[in-house]
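The values are calculated or read from the model by the stated rules, or taken from the named source; none is laboratory data. These numbers were taken from a predicted model, which means no experiment stands behind them. Glycine also receives a Cβ, built like all others from the backbone with ideal geometry; neighbour counts cover every protein chain displayed. Accessible surface areas use protein heavy atoms only, side chains included; no ligands, DNA or RNA. Shrake-Rupley method; radii C 1.70, N 1.55, O 1.52, S 1.80 Å.
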Amino acid sequence: MSVDQATVRRIAYLARIAVTDEEVPHLEGEINAILSFVEALGAVDVAGVEPMTSVIPMKLPLRADVVTDGEIESLVLANAPLAEDDFFLVPKVIE
Amino acid sequence: MTDPTALTLAEARDALVARKLSSLELTQAYLGAMERARGLNAYIVETPDQALDMARASDARIGKGEAGALEGLPIGVKDLYATKGVHTQACSHVLDGFKPTYESTVTAQLWRDGAVMLGKLNMDEFAMGSSNETSYYGPVASPWLPPNWSAAQGRAALAADKRGLLVPGGSSGGSASAVSARLCLAATASDTGGSIRQPAAFTGTCGIKPTYGRCSRYGMVAFASSLDQAGPIARNVRDAAIMLRSMAGHDPKDSTCYDAPVPDYEAAIGRSIKGFKIGVPREYRLDGMNPEIEKLWGQGVEWLRAAGADIVDISLPNTRHALPAYYIVAPAEASSNLARYDGVRYGLREPGNDIAELYEKTRAAGFGAEVRRRVMIGTYVLSAGYYDAYYVRAQKIRTLIKRDFETVFADGVDAILTPATPSAAFGIGEKGSADPVEMYLNDVFTVTVNMAGLPGLVAPAGLSAEGLPLGLQLIGRPFDEGTLFSLGAVMEQSAGRMSLPQPWWG
């Protein structure tokens, strides 16, 4: 399988990364080089094989359903590029 | 005492406890060495004030007889670990200005045991790379000079664009360079496809990626969560064992962290390996393999045999599928993990007219070329219509790879010996500019270990004909790091202590 320039733009949109017109042909080449590298996997017989979900068999631990932190608004917002009162600021989302 | 930075971590520990040296003296010696070595670009942030405070506190604890396992020992921290109030960006521009309000579990445990933080170490952006050339802060130079280079040539290249100097490997290139140049006693590193072991091999140092789950991932900037593990790079096998003991251990803040006591790994050094069954996998003998690497591997086999190990030929038939499958699984997980960098809650923000434009412009400006490439590949293989063909298939192949290892371990094999890298270190600017896959091939011997969640140790094994360090890899059973330390110590002793490069850099 390989990607064309329209697909590259679609992937960039899904990944929410702006790409310029000049970058698209370049990305097309790089992505296709990687896809051709992984193509051989298509020939591997995987019939009846379970996909891996956990590399080390282990039971997912549960913890007590209690509040363990909170009241730390200033820490949560400490690295915000833009904040006001106790909120992150973003451009208007809803008209 | 002459130069305290010449001591290994174990030697420095013993000297501090015997009061032959203070942590303050040792820390000052390292801060001086770091200043003279700025040209290597191994540290991106130095924390001298914090280091001196920690050293004084350590000296006080030693005075009271309350020394921890790493009391007063100066170490470097890969920029991927969250350090409270200190620059933490995984060497990405997208985390511009980020200073965490919390500490990673691994570093918290190192400070608990008394270690002293010297600063944050350079790395490939988000740990994506094998040469430390993708860092937002520029490449790191190896302290090993290229063959036939004079010190003056090396200094001139450091002052210019570093081209021609050797890479320290990646992604933990800053860690490897700093340990090899004696700019810290040891360093934290991390390994998703070989990022501890390949740089260790390139710089004549020892690195171990422990079993998946042995160390907590809490507070480590995530790349591929099912593959990422913390581990140390150190000057020798013993020092790596001492570091890992403090870094490992159960943590309720990481649900994949294994709940079992951490053994005294240092006690495994010097243990007899008589009767250990060592597998030599035929699939690692690649077509067109570098004859030097093949010879070194044979030498390693002989060392272990001479120490009483039984050597057996083994087969790991799915080996060749590991690297392609990795380049589906790792980018897929990365595309998901890196979705959090959106310019809203922390880090870089590029203004946009609406929220979508803010995301797109922030991520375009914040991610470097390699990160963008992998996020896009990951997005593609997870997208509707391709998920089964790529991602699910790769996860099935991962099951096959793990099954290969389980089969040989069930047959009584205690550990597996393989090459660490396809070659010695290459030059800065030499690889991967035209075809990204060229760089990916560096991980051909290391990536299977991450895919199967196993521990892997790389120890220095000798020098190439051109005088550059080469390493060998030992792969162990899950949570059997101790055996790797025993075997690694034998290999290290047989190879003879590697003399690290003399400081030509300043």
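Within the range A:8-25, take every residue that is more than 8 Å from chain B (Cβ to nearest Cβ), farther than 16 Å from B:Val381 by Cα and touching a helix residue (DSSP H, G or I) at 6+ places or on another chain (Cβ under 9 Å) and give me the one that is surrounded by the fewest Cβ atoms within 10 Å (Cβ to Cβ). Of everything passing the filter in the range A:8-25, A:Thr20 is surrounded by the fewest Cβ atoms within 10 Å (Cβ to Cβ). Mind checking whether some residue in the range B:114-128 is open to solvent by 10 Å² or more (accessible area, probe 1.4 Å), in contact (Cβ under 8 Å) with a residue 60 or more places away in the chain and not aliphatic (A, V, I, L, M)? There is no residue in the range B:114-128 that is open to solvent by 10 Å² or more (accessible area, probe 1.4 Å), in contact (Cβ under 8 Å) with a residue 60 or more places away in the chain and not aliphatic (A, V, I, L, M). In the range B:1-25, which residue that is part of a helix (DSSP H, G or I) and in contact (Cβ under 8 Å) with a residue 60 or more places away in the chain is surrounded by the fewest Cβ atoms within 10 Å (Cβ to Cβ)? This residue is B:Ala6.
In the range A:85-95, the residue that is least open to solvent (accessible area, probe 1.4 Å) out of those that are in a loop (DSSP other than H, G, I, E, B) and either within 9 Å of chain B (Cβ to nearest Cβ) or modelled with pLDDT of 90 or more (or both) is A:Pro91. When A:Leu82 is evaluated against the numbered criteria (1) touching a helix residue (DSSP H, G or I) at 6+ places or on another chain (Cβ under 9 Å); (2) open to solvent by 70 Å² or more (accessible area, probe 1.4 Å); (3) modelled with pLDDT of 95 or more, which criterion, by number, is the only one it fails? For A:Leu82, the exception is condition (1). Per the listing B:Arg245, B:Arg217, the residue uniquely surrounded by fewer than 24 Cβ atoms within 10 Å (Cβ to Cβ) and part of a helix (DSSP H, G or I) is B:Arg245. For the range B:369-391, the set of residues classified as assigned to a helix (DSSP H, G or I), open to solvent by 30 Å² or more (accessible area, probe 1.4 Å) and either hydrophobic (A, V, I, L, M, F, W, C) or more than 7 Å from chain A (Cβ to nearest Cβ) (or both) consists of B:Ala369, B:Leu382, B:Tyr387, B:Asp388, B:Ala389, B:Tyr391, listed by residue number. Please specify each residue of the range A:27-51 satisfying the condition of being facing chain B (nearest Cβ under 7 Å), part of a helix (DSSP H, G or I) and open to solvent by 10 Å² or more (accessible area, probe 1.4 Å). Residues satisfying the conditions are A:Glu30, A:Ala33, A:Phe37, A:Ala40. For the range A:55-75, the set of residues classified as more than 8 Å from chain B (Cβ to nearest Cβ) and surrounded by 12 or more Cβ atoms within 10 Å (Cβ to Cβ) consists of A:Glu73 only.
Starting from residues that are surrounded by fewer than 17 Cβ atoms within 10 Å (Cβ to Cβ) and not basic (Lys, Arg), keep the ones in the range B:328-362 and report whichever is farthest from the other protein chains (Cβ to nearest Cβ). That would be B:Ser336.
Those strands (runs of 3 or more DSSP E) of the range B:402-506 that lie entirely within it include none in which at least 2 residues are of a type in the set (Lys, Arg).
Here B:Thr418 does not qualify as under 20 Å from the mean Cα position of the chain (by Cα), crowded, with 19+ Cβ neighbours inside 10 Å and over 19 Å from B:Gly193 (Cα atoms).
Rundown of residues vs (1) outside any helix (DSSP H, G or I); (2) at pLDDT below 95, yes/no style:
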position: B:Asp287; (1), (2): yes, yes
position: B:Glu294; (1), (2): no, no
position: B:Gly300; (1), (2): no, no
position: B:Arg305; (1), (2): no, no
position: B:Leu316; (1), (2): yes, no
position: B:Leu323; (1), (2): no, no
position: B:Ile328; (1), (2): no, no
position: B:Ala332; (1), (2): no, no
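You will find that of B:Gln109, B:Gln153, the residue that is of a type outside the set (Gly, Ala, Ser), buried (at least 18 other Cβ atoms within 10 Å of the Cβ), on the phi < 0 side of the Ramachandran plot and out of contact with any strand residue (DSSP E or B) (no Cβ under 8 Å at 6 or more places or on another chain) is B:Gln109 and no other. Here the condition is being open to solvent by less than 30 Å² (accessible area, probe 1.4 Å), within 30 Å of B:Glu11 (Cβ to Cβ) and outside any strand (DSSP E or B); of B:Ala189, B:Ala176, it holds for B:Ala176 alone. Can you find even one residue in the range B:447-454 that is within 14 Å of chain A (Cβ to nearest Cβ), on the phi > 0 side of the Ramachandran plot and open to solvent by less than 10 Å² (accessible area, probe 1.4 Å)? Yes; the residues of the range B:447-454 include at least one that is within 14 Å of chain A (Cβ to nearest Cβ), on the phi > 0 side of the Ramachandran plot and open to solvent by less than 10 Å² (accessible area, probe 1.4 Å). Filtering the range B:411-446 down to residues that are of a type in the set (D, E, K, R) and out of contact with any helix residue (DSSP H, G or I) (no Cβ under 9 Å at 6 or more places or on another chain), which residue is nearest to the other protein chains (Cβ to nearest Cβ)? Within the range B:411-446, the match that is nearest to the other protein chains (Cβ to nearest Cβ) is B:Glu438.
For B:Ser131, indicate whether it is of a type in the set (Gly, Ala, Ser), touching a residue at least 60 places away in the same chain (Cβ under 8 Å) and in a helix (DSSP H, G or I). It is false that B:Ser131 is of a type in the set (Gly, Ala, Ser), touching a residue at least 60 places away in the same chain (Cβ under 8 Å) and in a helix (DSSP H, G or I).
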